[in-house]
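*Asks:* One structure, as structure tokens, below. Some questions next.
The values are calculated or read from the model by the stated rules, or taken from the named source; none is laboratory data. Because the structure is a prediction, the values reported are computed rather than measured. Note that we place each Cβ from the backbone using ideal geometry, even for glycine, and neighbour counts take in every protein chain shown. Side chains are part of the model used for accessible areas, which takes the heavy atoms of the whole protein and leaves out ligands, DNA and RNA. Shrake-Rupley method; radii C 1.70, N 1.55, O 1.52, S 1.80 Å.
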Amino acid sequence: MLTSGYVKRQVHQRQWAEENFANCELGDERRTARLVDTAELILNNPTAHIAALNGQWKDTKAAYRLFANKNVTFEAVVDTHCTNTKLAICEGHSLILCDTSEVIFGKNREIDGTANLGRGGGPGFLLHPGLAVDVETQEIRGIAGAIVRHRQRAPKKETASQRKKRPRESAIWGDLVDQIGVPSDGARYTTICDRGADSYEILCHFQSNRHDYVVRVCQRQRNVATSESEKIKLLQYIEQQEIVGTYELSLRSRKSNKGKKTKSRTAKMEVRIGKVVLTAPVHKSQYEKECGIEKIESYVVWAREVDCPQGEKPLDWMLYTSHKVTTFEDALQIIEWYEQRWLIEEFFKALKTGCRMEERQLHSADGLEALCGVLCVTACRLLQMKREALANPDRPAEEIVPPLLVAMLQVAMGSQKRHVKTAYGFYHTLARLGGFLGRRSDGNPGWQSIWQGWEKLTNMVRGAELLAKLQKQKCG
């Protein structure tokens, strides 16, 4: 029985590894084969370090050599997955969720080829992916593009003109749009960005690549033109618009990045809309000069919380969008798409907490970047599985996770096993194995408890496999 289940697990995971990595161009077929093997092992146990993944020292050394090879780069590793994703979104309407995250490896690490990030946070690099989500089905299709960059400190006392002439960190948003490219006939992309993308240059990238966009406004005091060609500050203009509607938004209790706990509440949101014209800046970058776009028409949606409890920070989203917004219903659609941006944060949690990217012990930036490519694709797969469990809770668990894991979890949890065979039941029970209490007030389990449960479960599977081999040897 264990042998049969193990074969099913191998086929299930192997197919995923081959689909995403077997066509990677690494300069040698043997390297690509090793990449497929390594990716399969990582998906089976995302939290394990390379040495723990391989049973023999020769395999561990081969994996280290793989990530040390100059042909095995982040771009080469993720290329097949990104190509597959763009083929999957070649029809219909897709959201491309984007953001930048710092991947930091600790204050006491010395890594060749990279410098410190943040205020003494340690060496690391910037990761900027674009996660593709189908608008109709809400299905995560994959990573449509991804970029790794190393931070370069800005010179002191530079002028606006000088700043436009040097490489800037904010350019990563436009570079990703260029990498993803123009949607095929029959497809439509709406790229969802946070305030880091509030730049005329980045809006030009959207227009040049025929991407629609929803971008959170950062510069509210920017000068814009109205439909009557009146020059006015953006905030002043949108404050003059009538409220088109209100809605309520339920917020659960949570902790901020600074550790402050926010109580659960129902936020009352009022919505204003408008249309403005953004004009090209006086000091232009090389890209802004080459594209020749002198003005961009954009709709504005402003959702603001009113009557916020004292001591709490009110919600306040001001958004640019290329989609036509003339009614309250149009505005709600834009707000709903922007709210999908939390999925990219879930992706980063899957990468850092689930796959422990920042705990990896390779000694060069190039090797860590290549490994990050594998873990990005793995994190996307894990997020897809969790998303499917929430979206279709009654779907058979064996359709999204290996059957052996379902059977092993049933044995491990004893009296708590009755819901394991459904997709949601599997993940909920897995989190309970990892320490999740599952009280009514706890909500859905988080990545920490899921991966602690996953690690325990995969250790049980490996132990059972070793026991089966030992029994076979005794019988032989």
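*Asks:* From the square roots a ≥ b ≥ c of the eigenvalues of the alpha-carbon gyration tensor of the range 278-407, which class results: rounded (a/c under 1.5), prolate (a/b over b/c), or oblate?
*Replies:* Oblate, since a/c reaches 1.5 and b/c is not below a/b.
*Asks:* Oh, and also: Please state the shape class of the chain: rounded when a/c is under 1.5, otherwise prolate if a/b exceeds b/c and oblate if not, all from the C-alpha gyration tensor.
*Replies:* Here the chain falls in the prolate category.
*Asks:* A follow-up question, please. Suppose each label sits 7 Å from its Cα in the direction of the beta carbon; what would the GLN179-ARG195 distance come out to in nanometres?
*Replies:* 2.5 nm
*Asks:* While we're here: Residue by residue through the range 293-308, what is 3J(HN,Hα) from phi via Karplus (6.51 cos²θ - 1.76 cosθ + 1.60, θ = phi - 60°)? Round to whole Hz and write x for glycine and proline.
*Replies:* 7, 9, 8, 9, 7, 9, 7, 10, 10, 10, 10, 9, 6, 10, 6, 6
*Asks:* Still on this structure: Which residues' amide hydrogens lie under 5 Å from the amide hydrogen of ILE400, considering only partners 5 or more residues apart or on another chain, with H built in the peptide plane?
*Replies:* Counting only residues 5 or more places away or on other chains, the set is empty.
*Asks:* Determine the dipole magnitude for the range 324-476: charges of +1 sit on the beta-carbon of Lys and Arg, -1 on that of Asp and Glu, nothing else is charged, the reference point is the Cα centre, and the result goes in debye to the nearest 20.
*Replies:* Charge dipole of the range 324-476: 920 debye, to the nearest 20.
*Asks:* May I ask you to order 39-47, 384-392, 136-144 by the average number of other C-beta atoms within 10 Å around their residues, highest value first?
*Replies:* 39-47, 136-144, 384-392
*Asks:* Work out the FRET efficiency for LEU470 and CYS291 from their Cβ-Cβ distance, taking R0 = 60 Å, and round it to the nearest 0.05.
*Replies:* That gives a FRET efficiency of 0.35.
*Asks:* Turning to a different aspect of this structure: Shape call for the range 147-234 from the C-alpha gyration tensor, a ≥ b ≥ c root eigenvalues: rounded (a/c under 1.5), prolate (a/b greater than b/c) or oblate?
*Replies:* oblate
*Asks:* Sort out for me the Cα centre separation of the range 76-134 from the range 313-362, rounded to whole Å.
*Replies:* Between the Cα centres of the range 76-134 and the range 313-362 lies a distance of 15 Å.
*Asks:* Then there's this: Mean residue ellipticity at 222 nm from the helices of the chain, using -39,500 (n - 2.57) per DSSP H segment of n ≥ 4 over the full residue count, to the nearest 500 deg cm²/dmol?
*Replies:* -13500 deg cm²/dmol
*Asks:* Compare LYS456, LYS324 by solvent-accessible area with a 1.4 Å probe and give them largest first, with all protein chains kept in place.
*Replies:* LYS324, LYS456
*Asks:* Counting alpha carbon pairs within less than 8 Å and at least 6 residues apart, what relative contact order, in whole percent, applies to the chain?
*Replies:* 15 percent
*Asks:* Let me ask you something else. Roughly speaking, what is the centre-to-centre gap between the range 31-52 and the range 370-449 when only Cα atoms are used, to the nearest Å?
*Replies:* The two parts, judged by their Cα centres, are 20 Å apart.
*Asks:* Scan around ARG395 for amide H atoms under 5 Å from its own, H built in the peptide plane at 1.01 Å from N, and keep only partners 5 or more places away or cross-chain.
*Replies:* Amide H to amide H, under 5 Å and 5 or more residues apart or across chains, ARG395 pairs with ALA423, TYR424.
*Asks:* Could you grab the relative contact order for the range 167-247? Cα pairs under 8 Å, six or more apart, rounded to a whole percent.
*Replies:* Value for the range 167-247: 25 percent.
*Asks:* Please report Rg (one decimal) and Dmax (integer) in Å for the Cα set of the range 359-403.
*Replies:* Spelled out, the Cα radius of gyration and Dmax of the range 359-403 are 14.9, 45 Å.
*Asks:* Rolling a 1.4 angstrom probe over the protein heavy atoms, how many square angstrom per residue are accessible across the range 347-476?
*Replies:* Ligands and nucleic acids excluded, the figure is 47 Å² per residue.
*Asks:* Would you be so kind as to identify which of GLY113, CYS376, ALA144 lies farthest towards the positive end of the dipole of the chain, taking Lys and Arg as +1 and Asp and Glu as -1 on Cβ and the Cα centre as origin?
*Replies:* Result: GLY113.
*Asks:* Using alpha-carbon pairs under 8 Å, 6+ residues apart, how would you state the relative contact order of the range 294-452 in percent?
*Replies:* 15 percent
*Asks:* So, one more: Sort ARG265, ARG252 by accessible area with a 1.4 Å probe, largest first.
*Replies:* Listed by decreasing accessible area, they come as ARG252, ARG265.
*Asks:* Let me ask something additional. Which whole-Hz couplings ³J(HN,Hα) result when phi for each residue of the range 269-285 is put into the Karplus expression 6.51 cos²θ - 1.76 cosθ + 1.60, θ = phi - 60°, listed in order with x for Gly and Pro?
*Replies:* For the range 269-285, the Karplus curve yields 10, 10, 10, 10, 9, x, 9, 9, 10, 9, 10, 4, x, 5, 8, 9, 6 Hz.
*Asks:* Can you give me the % of accessible surface on the chain that is carbon or sulfur? Probe 1.4 Å, all protein chains present, nothing else counted.
*Replies:* After summing per-atom areas, the C and S share lands at 48 percent.
*Asks:* Okay, next question. Taking 1 over the mean of 1/r across every pair of different Cα atoms in the range 206-289, what Kirkwood radius in Å do you get?
*Replies:* That comes to 16.5 Å for the range 206-289.
*Asks:* Given a 1.4 Å probe and the protein chains all in place, what does the accessible area of TYR200 round to, in Å² to the nearest 10?
*Replies:* So the heavy atoms of TYR200 present about 20 Å² to solvent.
*Asks:* Amide H to amide H under 5 Å from GLY142: which residues, 5+ apart in sequence or cross-chain, H placed 1.01 Å off N in plane?
*Replies:* ALA132
*Asks:* From the protein chains alone at 1.4 Å, what is the descending order of accessible area for SER298, SER229, largest first?
*Replies:* Sorted descending by solvent-accessible area, the residues read SER229, SER298.
*Asks:* Also, I was wondering about something else. Under a 1.4 Å probe, what is the accessible area of the range 107-240 per residue, stated in Å²?
*Replies:* The answer is 50 Å² per residue.
*Asks:* Mind checking which helices in the chain clear 20 Å along their axis (Cα) and have mean Kyte-Doolittle hydropathy of -1.0 or more, DSSP H runs only?
*Replies:* Helices passing the filter in the chain: 29-44, 74-88, 365-391, 447-475.
*Asks:* Sticking with this one: Rounding to the nearest 20 debye, state how big the charge dipole of the chain is about its Cα centre with +1 on each Lys and Arg Cβ and -1 on each Asp and Glu Cβ.
*Replies:* Computed about the Cα centre, the dipole is about 2060 debye.
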